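Worksheet: one structure, shown below.
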Amino acid sequence: MNLTQLPASALVSLLRRGEVSSRLLTQACLDACQSLDSKIGAFLHLDAEAVLTAADAIDARRARGEPLGLLAGLPVAIKDNLCQKGVPTTCASKMLANFRPPYTAHVVERVAAEDGVPFGKTNLDEFAMGSSTENSAFQKTRNPWDLERIPGGSSGGSAAAVAGCLTPLSLGSDTGGSIRQPASLCGIVGLKPSYGRVSRYGLVAFASSLDQVGPFAHDVAGAALLLQTIAGHDRRDSTSVNQPVPDYMASLETPLAGLRVGVAREFFGPGLDSEVEQAVRNSLEVYRSLGATIVDVTLPTSPHAIATYYLVATAEASSNLARYDGVHYGHRTAEKTNLINLYCKSRGEGFGAEVKRRIMLGTYALSSGYIDAYYTKALKARRLILNDFNRIFASCDVLAGPTAPTAAFKLGEKASDPLSMYLSDIYTISCNLAGISGLSIPCGFTASGLPIGLQLQGPAMAEETVLRAARMHEKATAWHTHRPTLS
Amino acid sequence: MKLTEDQVRWVAHLARLDLSTPEITALTPQLAAIVDYVDQLAQLDTQGIEPLAHALPVHNVFRDDEPTPSLTVAEALANAPRKLGDCYAVPAVMD
């Protein structure tokens, strides 16, 4: 097997034993990008010289016998809404086309501190708003399993980069499913940590009560490794939770005795593709065969989750994106005009259609006369959604179901119908509203060879349980060992 | 109640977004469909339910008021589209 096709856990062993240098691995990833990324379109920015310099520095420390951090020289691609000092950070928006942040995000600092090589910036839906990565102002990203199809989104570049074996690990962000859905559609593992588990310092804000940064990897061990790297308290994010980080790696191989897997009947309603349903039901059988108990649960508020989400997220976005004013940083209109028009023109020129749509919806939901019917009502629905989860996690340890209602759809298929695009987030958004943990693991393929994902959700701060439950499934199956054929 | 183009123009003004006439024409039915969809929340009984703005029971988080290094003026202004000396430049707001 080619080096770039190995999972992160195997590569770390090779790096630690000195059988592979970080330079050799990083160069192999650069070569893979050179030959494949013109087709996939995962990266917006990749500075070969800078990543090789970082790899060499790690190799030099290894040669001196210095202890290496958790990542031991592994390349980690970074979603382009995470700041890296002096490196373009565009959020795939014309608004930030020339922005170079004066500081580095906490998670990127952590990657570097644990001897990872920050490996380029990946494509996304503009400001992380979308489910297909088609909303990027710069390029389309294609699904490595079928280049006519979308990789999911908004972290489509990060997912496609791992699935296409361009990097063993990557970071994404998840506001309503933006890590789990592309992981599902690209046949890899993607984890959204609980709200507060990972610092958002340096993550460009979309919806601040929902956003979390998390890992992509080929397997559960890789996701655990990168979560271990980035989790923990950071005083620069006041929502960062000051609780000890468990040793995710140490417990991963220990199956959970007496595991109770919850299955919500609402997850198997209309709109769920039959092949996806079959794969998920097969996964439940895997758990049953491992001795787990399948528990029937209900999430009665879940039919209202999308409406709740698209009010809360857009309201927060309309407020967060008010900072793009054409004055402090970002695009400024060339037109000579007064101050108010400078704001309006700069924003009208700098933002793409989906970002405008969401700013408009959020502004409407917060506007005088409508705030009670929309925003405040959504916040009440949000509490009911949280109550649903609190209730079901008294009777099960994890909740299992599909990550996305269908496998990857074709480019352009939903581009003209924003509402149908929003509906593709149906299984992932409640997790963000409730602040709990969730992950997607590969659990099968459609007849036409497209990956299918199984979502496991757990209570807040229960990443260890979710990862161990995921590993039990992974150990009993081989879906995570498949790689797309690209030439 | 269907969202109208005039309402969309008003919201664009509130959002300080300059939208062209074709954009308003395209956005109005899209936003109307989304608003229709989210109107389903009206059917949800939320009598006596406290709004939840945030999933964590975190309130104000304070730290000691210790001076620490911050961005230099040059760093802070490095991304400014227009500057004047050590300041951001904006069109005159008073005659």
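Can you tell me the equivalent ellipsoid semi-axes for the stretch A:75-138? Use √(5λ) from the Cα gyration tensor, largest first, whole Å.
Here the semi-axes work out to 21, 13, 8 Å.
So how far, in whole Å, is the C-alpha centre of the stretch A:53-102 from the one of the stretch A:261-313?
37
Taking N as the number of residues in the protein assembly as shown, what is its Cα Rg relative to 2.2 N^0.38 Å?
This ratio for the protein assembly as shown stands at 0.93.
Checking the table A:Lys414/B:Lys2; A:Lys79/A:Lys345; A:Lys121/A:Lys410; A:Lys85/A:Lys140; A:Lys94/A:Lys121; A:Lys79/A:Lys192 against a 21 Å threshold on Cα-Cα, which pairs fail?
Beyond 21 Å between Cα atoms: A:Lys414/B:Lys2; A:Lys79/A:Lys345; A:Lys121/A:Lys410; A:Lys85/A:Lys140.
For chain B, with equal point scatterers placed on the C-alpha atoms only and solvent neglected, what are the log10 I(q)/I(0) values from the Debye formula at q = 0.16, 0.17, 0.22 1/Å, to two decimals?
Debye curve over Cα of chain B, log10 I(q)/I(0) at q = 0.16, 0.17, 0.22 Å⁻¹: -0.96, -0.96, -1.10.
With a 10 Å radius around each residue's Cβ, average the other Cβ atoms per peptide and rank A:347-354, A:414-421, highest first.
A:347-354, A:414-421
When the convex hull of the Cα atoms of the stretch A:244-340 is projected onto a plane and the area is averaged over all directions, what value comes out in nm²?
Directional mean of the projected Cα hull area for the stretch A:244-340 stands at 12.9 nm².
Residue farthest toward the positive end of the dipole of the protein assembly as shown, with Cβ of Lys/Arg at +1 and Asp/Glu at -1: which of A:Leu11, A:Ala462, A:Val261?
A:Leu11
What's the magnitude of the charge dipole for chain A around its Cα centre, counting Lys and Arg as +1 and Asp and Glu as -1 at the beta-carbon? Answer in Debye, nearest 20.
The dipole magnitude comes to about 700 debye.
To the nearest whole number, what is the average tally of beta carbon atoms from other chains within 10 Å of the beta carbons of peptide A:209-215?
Per-residue shielding by partner chains comes out at 1.
If you add up the charges near A:Thr89, with Lys and Arg at +1 and Asp and Glu at -1, over every other residue whose beta carbon is less than 11 angstrom from its beta carbon, what do you get?
Combined, the nearby Lys, Arg, Asp and Glu give +3.
For the stretch A:293-443, report the convex hull volume of the alpha-carbon atoms normalised per residue, in Å³, without decimals.
Convex hull volume per residue, Cα atoms: 152 Å³.
Would you grab the residues whose amide H sits under 5 Å from the one on A:Ile436? Only those 5+ places off in sequence or on another chain, please, with H modelled 1.01 Å from N.
The list, which skips near neighbours in sequence, is A:Tyr195.
Are there DSSP H segments in chain A that both extend 24 Å or more along their axis (alpha-carbon positions) and score a mean Kyte-Doolittle hydropathy of at least -1.0? List them, or say none.
A:22-40
Towards the positive end of the charge dipole of the protein assembly as shown, with charges on Cβ (+1 Lys, Arg; -1 Asp, Glu), say which of A:Ala55, A:Ile179, A:Cys165 has the farthest Cα.
A:Ala55
Mind checking the dipole of the stretch A:269-387: about its Cα centre, +1 per Lys or Arg Cβ, -1 per Asp or Glu Cβ, Debye to the nearest 20?
Computed about the Cα centre, the dipole is about 560 debye.
Each value in this text was obtained by applying a stated rule to the coordinates, not by laboratory testing. All values derive from a computational prediction rather than experimental measurement. Here the Cβ is made from the backbone with ideal geometry for all residues, glycine too, and neighbour counts use every protein chain on show.
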